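A short worksheet on the structure shown next.
The values are calculated or read from the model by the stated rules, or taken from the named source; none is laboratory data. Remember, predicted model here, so these are calculated numbers, not experimental data. All Cβ positions, even for glycine, are placed from backbone atoms using ideal geometry, and neighbour counts span all protein chains on display. Surface accessibility is based on the protein's heavy atoms, side chains included, excluding ligands, DNA and RNA. Shrake-Rupley method; radii C 1.70, N 1.55, O 1.52, S 1.80 Å.
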Amino acid sequence: MNQPLAYVHPGAKIAKNVVIEPFTTIHNNVEIGEGTWIGSNVTIMEGARIGKNCNIFPGAVISAIPQDLKFGGEDSLAIIGDNTTVRECVTINRGTVASGVTKIGKNCLIMAAAHVAHDCHIGDNAIIVNGVLLGGHVTVGDYAIIGGLSAVHQFISVGAHTMISGGSLLRKDVPPFTKAAKEPLSYVGINSVGLRRRGFSPEKIREIQEIYRILYQKNYNTTQAVSIIEAEMEATPERDEILLFIRNSSRGIMKGYTGIS
């Protein structure tokens, strides 16, 4: 359903049942999968790869060149996974030579006026709330939720199943399964409500809580806490995910909040 008032470059590859509303512009070297709806006044630029059954709302700009002075015009992509919704006036820049791709996973919700910079990698089922700004090279894990108007420094990693308070400034990495709030951004507990909703057992939630008690509430430094967790806690996928995240953190993880009981 290509509206006569939309422009679609002849080189774009559009599935037959994609709906494109009036006043939308789709450039060359774009691919859009089956069942996707593209609202009015959307601009989809070269290098966009949009999956099946996505919804792109009016005013969104997908796959514009990076806002990076080092960008040299190299070929790169902006990939959006199946069943993802991109709301009004979202901007998603394509990658640079650093990774070649900006990637958003499946079943994500990117709310109005959010910005996803070059080379960001967002996992499946993530929610990026209104007005969130992701700097370049940010990594966001599966099922993470970043509250509205938060700003995320470049190269930050946000772990899976995290919940970030609205209006947060992320200067340090946020380990998986946690809640983060306050200024400076701090650990305020684990995301137990989200974990229960996603089928984590009470025993598994208690295990994660104990890991973070050692890390944040026992007055150990991070190196000491990691050694104790590895020595005393049974090896499980969740324990190992937390330890791997901490060891791979290039900017250091957020600190604990002293007001936690």
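Output the number of residues of segment 13-50 satisfying the condition of being among the charged types (D, E, K, R) and part of a strand (DSSP E or B).
Within segment 13-50, the subset among the charged types (D, E, K, R) is 13, 16, 21, 31, 34, 46, 49.
Keeping just the survivors that are part of a strand (DSSP E or B) gives 13, 31, 49.
Number of matching residues: 3.
Criterion first (open to solvent by 10 Å² or more (accessible area, probe 1.4 Å) and either modelled with pLDDT under 95 or in the same structural domain as Glu46 (by the TED database) (or both)) does Val129 satisfy it?
Numbers: open to solvent by 10 Å² or more (accessible area, probe 1.4 Å): yes; either modelled with pLDDT under 95 or in the same structural domain as Glu46 (by the TED database) (or both): yes.
For Val129, the condition - open to solvent by 10 Å² or more (accessible area, probe 1.4 Å) and either modelled with pLDDT under 95 or in the same structural domain as Glu46 (by the TED database) (or both) - is met.
I'd like to check something: does segment 134-142 contain any residue that is buried (at least 18 other Cβ atoms within 10 Å of the Cβ), more than 13 Å from the chain's Cα centre (by Cα), of a type outside the set (Lys, Arg) and assigned by the TED database to the domain that holds Ile32?
no
Yes or no: Val188 aliphatic (A, V, I, L, M), more than 22 Å from Ile145 (Cα to Cα) and not assigned by the TED database to the domain that holds Asp124?
Values: aliphatic (A, V, I, L, M): yes; more than 22 Å from Ile145 (Cα to Cα): no; not assigned by the TED database to the domain that holds Asp124: yes.
In short, no.
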